[in-house]
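Chemist: Sharing a structure with you now.
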Amino acid sequence: MGRRPPCCDKEGVKKGPWTPEEDLVLVFYVQEHGPGNWRAAPANTGLLRCSKSCRLRWTNYLRPGIRRGGFSDQEDRLIVHLQTLLGNRWAAIASYLPNRTDNDVKNYWNTHLKKKLLVQQQRATAAAASLPPKGQWELKLQADINLARRALRDALSVDAAGPPGWPPRARRRRPPAHHQGHSR
């Protein structure tokens with residue numbers, strides 16, 4: 001298989017942060033020619049940047065409609081869910097987040113979400129370790145159920161007799177056994 005030729009000769013190419021002037025030149029170039037032939041961009045604009053650098057600068061920072069800034073809780077949950085399903089396929093994940101770039105999503109994952117999830121997992125592990133062993137937990141649950149049954153029974157027996165201090169209600173007498181099948 002043939003190798004792709006390098007995007008530029010490395011000599012005379014500027015590296016490092018872009019200046020606002022360079023950004024303006026690139027924006028005007030893309031407005032006039034459209035985002036397409038990135039190999040021609042450095043030669044046609046006079047920018048001392050390689051074509052890949054121009055493409056990435058446009059795609060990740062200068063393109064109109066890009067959403068910058070904080071991610072919402074909904075976006076956090078979606079990124080975590082999609083990362084679980086898709087792994088580190090950032091372009092695929094970013095396609096579910098309108099106006100977010102794959103680079104922005106990847107950077108947010110690596111600097112915020114991954115650490116946040118790790119802390120949550122550590123807390124969950126610590127909480128699970130502080131629970132009593134399963135046998136003790138089941139005994140406590142059964143004791144709570146028995147206590148709730150007793151409280152319900154006591155509440156029902158007080159309700160049938162009325163509040164304490166009230167005269168007892170007249171009890172309805174049961175009909176004799178030979179009348180049980182007949183309705184009145």
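Nothing in this text is a laboratory measurement; each read-out follows from the coordinates by a stated rule. Predicted, not measured: the structure shown is a model, and the values here were computed from it. All Cβ positions, even for glycine, are placed from backbone atoms using ideal geometry, and neighbour counts span all protein chains on display.
Chemist: Looking at the structure I just gave you, is Asn60 on the phi < 0 side of the Ramachandran plot and in contact (Cβ under 8 Å) with a residue 40 or more places away in the chain? Working first, answer last.
Modeler: On the way: on the phi < 0 side of the Ramachandran plot: yes; in contact (Cβ under 8 Å) with a residue 40 or more places away in the chain: yes.
Criteria met by Asn60.
Chemist: Same structure, new question: Quick check on segment 87-110: of everything there that is touching a residue at least 24 places away in the same chain (Cβ under 8 Å) and loosely packed, with under 14 Cβ neighbours inside 10 Å, which residue is farthest from Arg55 (Cα to Cα)?
Modeler: The selected residue is Pro98.
Chemist: Read through the list (1) free of Cβ contacts under 8 Å to residues at least 12 places away in the same chain; (2) more than 32 Å from the chain's Cα centre (by Cα); (3) closer than 23 Å to Pro98 by Cβ, then give the number of the only condition that Pro20 fails.
Modeler: Result: Pro20 fails condition (3) only.
Chemist: Pick from Leu113, Leu82, Leu48, Leu78: which is in contact (Cβ under 8 Å) with a residue 12 or more places away in the chain, hydrophobic (A, V, I, L, M, F, W, C) and in contact with a Gly (Cβ under 9 Å, 6 or more places away or on another chain)?
Modeler: Working: Leu113 fails: in contact with a Gly (Cβ under 9 Å, 6 or more places away or on another chain); Leu82 fails: in contact with a Gly (Cβ under 9 Å, 6 or more places away or on another chain); Leu78 fails: in contact with a Gly (Cβ under 9 Å, 6 or more places away or on another chain).
From the options Leu113, Leu82, Leu48, Leu78, the qualifying one is Leu48.
Chemist: When segment 81-109 is examined, which residues are found to be farther than 19 Å from Gly69 by Cβ and touching a helix residue (DSSP H, G or I) at 6+ places or on another chain (Cβ under 7 Å)? Break it down into steps so the answer makes sense when it comes.
Modeler: Going residue by residue through segment 81-109, those that are farther than 19 Å from Gly69 by Cβ are 81-89, 91-92, 95.
Hits for segment 81-109 are Leu82, Gln83, Leu86, Ala91, Ala92.
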